[in-house]
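Step one of this worksheet: look at the structure below.
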Amino acid sequence: MKKNILYILLILLIIIIVVVINISNNRIKQNTVSNFNTEFEKYKDKTLYGADILSIINKAIDNNKQKEIKKDEKGNYIEDEEFSIKVDLILLSKDDEGNIEEVKYPMETLEKAGLEEFIKSFSITEFNLENIEYNSNGRISKILVKQLEI
């Protein structure tokens, strides 16, 4: 009888330990995601300049390299549902008739063209973080930044 009670208590103790470890792991994962998101969300609802955009793009590229996100034949990162992050930039330009056009560029295009050139051309240009999308894990997966002035 005493052995049965002892076995039941031991099994309960093991179950409690497993549950506590899982809860702890989930909290650690949530904190990691939250800290990652904070690196980008701090730019929300602020006027951004070229250096800020460069920081956002560099963080996204560093993340994709660190997480070994694969690229397609054009050299663009292939989105996944776990770790990839994509930054698109809407730049304004005038056509031949003087109308303002919006042209969307992925961060990889700007990287290929040279981020140093981007900062030279857009260092004092104002931008706004238009949209942030999250994946199913609550981690930022897409950012859309838009130029506010020509």
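Looking only at ASN37, ASN63, ASN26, which one moves most when the chain is put into a Gaussian network model with springs between Cα atoms under 10 Å?
ASN26
Given a 1.4 angstrom probe, what's the average accessible area per residue across the chain, in square angstrom? Working shown, then result.
On the way: 10130 Å² over 150 residues.
Value for the chain: 68 Å² per residue.
For the chain, find the longest principal axis of its Cα atoms and tell me its angle to the long axis of helix 50-66, 0 to 90°, nearest 10.
Roughly 40 degrees between the two axes.
In debye to the nearest 20, how big a dipole does the chain give about its Cα centre with +1 on each Lys and Arg Cβ and -1 on each Asp and Glu Cβ? Intermediate values should be presented prior to the final figure.
Working: 21 positive and 26 negative charges, 304 e Å.
The dipole magnitude comes to about 1460 debye.
How big is the accessible area of ILE8 in square angstrom, nearest 10, if you roll a 1.4 angstrom probe over the protein chains?
100
Taking the dipole about the Cα centre of the chain, with the C-beta of Lys and Arg at +1 and of Asp and Glu at -1, give me whichever of VAL18, ILE124, VAL103 is farthest to the positive side.
VAL18
When the helices in the chain are scored as -39500 (n - 2.57) per DSSP H run of 4 or longer and the sum is shared across all residues, what 222 nm value do you end up with, to the nearest 500 deg cm²/dmol?
Numbers: 4 runs with 72 residues, N = 150.
Result for the chain, helices only: -16500 deg cm²/dmol.
Among the listed pairs LYS59/LYS104; LYS65/LYS94; LYS67/LYS120; LYS46/LYS74, give every one whose C-alpha distance is greater than 26 Å. Let's see the in-between values first.
Values: LYS59/LYS104 19 Å; LYS65/LYS94 35 Å; LYS67/LYS120 29 Å; LYS46/LYS74 32 Å.
In this structure, LYS65/LYS94; LYS67/LYS120; LYS46/LYS74 exceed 26 Å between Cα atoms.
The values are calculated or read from the model by the stated rules, or taken from the named source; none is laboratory data. Bear in mind that the values here come from a model prediction, so they are computed numbers and not experimental data. Every residue, glycine among them, receives a Cβ derived from its backbone with ideal geometry; neighbour counts consider all protein chains shown. Surface areas here come from the heavy atoms of the whole protein model, side chains and all, with no ligands, DNA or RNA. Shrake-Rupley method; radii C 1.70, N 1.55, O 1.52, S 1.80 Å.
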